[in-house]
1. What distance in nm separates the simple spin-label points at Lys28 and Ala16, each placed 7 Å from Cα in the Cβ direction?
2. Run the accessible area of the chain with a 1.4 Å probe and give the carbon-and-sulfur part as a rounded percent.
3. With a 1.4 Å probe and all protein chains left in place, how much accessible area per residue does the chain have, in Å²?
4. What is the dipole size for the chain, taken about its Cα centre, with +1 at each Lys and Arg Cβ and -1 at each Asp and Glu Cβ, in debye to the nearest 20?
5. Which one of Pro34, Gly48, Gly14 has its Cα pushed farthest toward the positive end of the charge dipole of the chain, where Lys and Arg give +1 and Asp and Glu give -1 at the Cβ?
Amino acid sequence: MRWWKLLGLAGVAGVAATGVVIARGERKRRAYTPDEIRERLHARVDQGVGQDDTPR
């Protein structure tokens, strides 16, 4: 039964590590100001114009 404990502990560690990665990414996303987000979106749209002329 000892391997069940190790498997459970590994699962808990994996869930905790995933939560840390998600929280870190969310903090990076929320650090942008609205003006920075707007500029980045406009840059993406400008890059995408003319690449695919078919309407959706």
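1. 2.3 nm
2. 61 percent
3. Roughly 101 Å² per residue, with all protein chains present.
4. On the way: 11 positive and 7 negative charges, 119 e Å.
In debye, rounded to 20, the chain gives about 580.
5. After comparing all options, I get Gly14.
The values are calculated or read from the model by the stated rules, or taken from the named source; none is laboratory data. This is a predicted model, so every value here is computed, not measured. Here Cβ is always computed from backbone atoms with ideal geometry, including for glycine, and neighbour counts include all displayed protein chains. What goes into the accessible areas is simple: the full protein's heavy atoms, side chains included, and nothing from ligands, DNA or RNA. Shrake-Rupley method; radii C 1.70, N 1.55, O 1.52, S 1.80 Å.
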